[in-house]
Amino acid sequence: MLRIISLNLNGIRSAWNKNVAPWLAAQSADVVCFQELKAQLPDLSEAMLKPEGMHAFYHCAEKKGYSGVGIWSRAEPDRVIEGFDGGEFDAEGRYLRADFGDLSVISLYLPSGSSSPERQEAKFRFLDVFLPHMAALRAEGREIVLCGDWNIAHQNIDLKNWKGNQKNSGFLPEERAWLSRLFDEQGWVDVYRALYPTAGEEAYTWWSNRGQAWAKNVGWRIDYQIATPGIAATAQAASVYKDARFSDHAPLIIDYAR
């Protein structure tokens, strides 16, 4: 079995203070993908840099306290690649890839466009450059799992208040159509949704800090593991862990038979 976990930490130091480390240690994960570190390497503790029994890699944003992604793996990767575009988005620390034999696991953090029109424009720029990158990944012929916070809810079933969010970042028609192109044109698989086609509220992975979104489960499913068909077909079970809160996101856990 291969267990892969994806988790937007909303600050690695904050999540550590909320006891994410002992929870992770108990999961027996083979690979853990983190997003939104909000830290630079000098900010990380020894336990973050050298977790027991795991190899740790990070791609931090140049801007302090912002973005950043990481990968922990039980096996040492054959290769680790930081970034994908050599420019605007690599500077924001949004992409980290680890290769293990014929499998690649990528930790990915798409921009959010909710804070300003300028950031929404940046998100659209990301989508424009990332679509051909996804096609290039498919062309490699490897098994690939991209884990992360995609900041897009794909279908009405993927968020509580879909009617009221159709003009909001994260549920814009253009964003949703972009995800559909990954699935329908390029052949990527939304692994959780393939396992559980009708899962609604139990599938949410993020809740706004405003109002009582968490208490009322007014959530969004924006964290995905999107994979090539071969490994996606081996997925046996998936779950969103909600018994404890380490972040405004919940961990997405998927077990593959490999």
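All of the numbers you see were taken from the coordinates with simple rules; none came from a lab. Being a predicted model, the structure only gives us computed values, none of them experimental. Here the Cβ is made from the backbone with ideal geometry for all residues, glycine too, and neighbour counts use every protein chain on show.
Could you tell me whether the stretch 160-206 comes out rounded, prolate or oblate from its Cα gyration tensor? Rule is a ≥ b ≥ c as square roots of the eigenvalues, rounded for a/c under 1.5, then prolate if a/b exceeds b/c, otherwise oblate. Judged from the Cα gyration tensor, the stretch 160-206 comes out oblate (a/c at least 1.5, b/c at or above a/b).
Treat the count of other C-beta atoms within 10 Å as a stand-in for reagent exposure and order H154, H55 from fewest to most. Please report the intermediate quantities before stating the final value.
Numbers: H154 22, H55 16.
Lowest count first: H55, H154.
Neighbour counts of C-beta atoms inside 10 Å place T205, T228 in the sequence T228, T205, starting with the fewest. Dipole orientation for the chain: of the candidates M1, W188, A21, A21 has the Cα lying most toward the positive pole (charges on Cβ; Lys, Arg +1; Asp, Glu -1).
Express as a percent, rounded to the nearest 5, the fraction of DSSP beta bridges in the stretch 55-165 (both residues included) that run antiparallel. Of the beta bridges lying entirely in the stretch 55-165, close to 70 percent run antiparallel. Stretched out straight at 0.36 nm per residue, the stretch from E62 to D78 would grow longer than its current Cα-Cα span by 3.2 nm.
When the P(r) of the stretch 11-61 is calculated, the portion above 11 Å amounts to 71% of the C-alpha pairs.
What's the center-to-center distance, using Cα atoms, between the stretch 195-236 and the stretch 126-185 in Å? The two parts, judged by their Cα centres, are 13 Å apart. Isolated cysteines in the chain, defined as those with no second cysteine Cβ under 4.7 Å, comprise C60. When the alpha-carbon atoms of the stretch 61-151 are used, the pair Rg, Dmax equals 13.6, 42 angstrom.
Find, among the GluC sites (Glu not before Pro) in the stretch 12-100, those assigned to loop by DSSP (not H, G, I, E, B) with at most 11 other beta-carbon atoms within 10 angstrom. It would help to have the intermediate numbers written out before the result.
Details: sites: E36, E46, E52, E62, E82, E88, E92; in loops: E36, E52, E62, E88, E92.
Those satisfying the criteria are E52.
Under Stokes-Einstein, with the Kirkwood radius over Cα pairs as Rh, the value for the chain at 20 °C and 1.002 mPa s is 118 µm²/s. Within the set of other residues whose C-beta is less than 11 Å from the C-beta of E201, count the net charge using Lys and Arg as +1 and Asp and Glu as -1. Every neighbour counted, the sum reads +2.
What does DSSP give for the chain in terms of the percent of beta bridges that are antiparallel, rounded to the nearest 5? Intermediate results must be reported in sequence, preceding the final value.
On the way: 41 of 53 bridges.
Antiparallel: roughly 75 percent of the beta bridges in the chain.
Using a Förster radius of 35 Å, what is the FRET efficiency between R258 and V129 based on their Cβ-Cβ separation? Nearest 0.05, please. Could the numbers behind the result be given before it?
Details: r = 31 Å, r/R0 = 0.87.
Plugging the Cβ-Cβ distance into 1/(1 + (r/R0)^6) gives 0.70.
Taking the charge dipole of the stretch 160-242 about its Cα centre, with +1 at Lys and Arg Cβ atoms and -1 at Asp and Glu Cβ atoms, the residue from I231, A213, G170 reaching farthest to the positive side is A213. Distance between the pseudo-spin-label points of A26 and I157 (7 Å out from Cα toward the beta carbon): 3.1 nm.
Among the trypsin sites (Lys or Arg not before Pro) in the stretch 183-244, those placed in a DSSP loop whose Cβ has at most 14 other Cβ atoms within 10 Å are R210, K216. All Cα-Cα distances of the stretch 1-138, cut into 5 Å bins from zero to the largest, leave 2, 10, 19, 23, 20, 13, 9, 3, 0 percent in each bin in turn.
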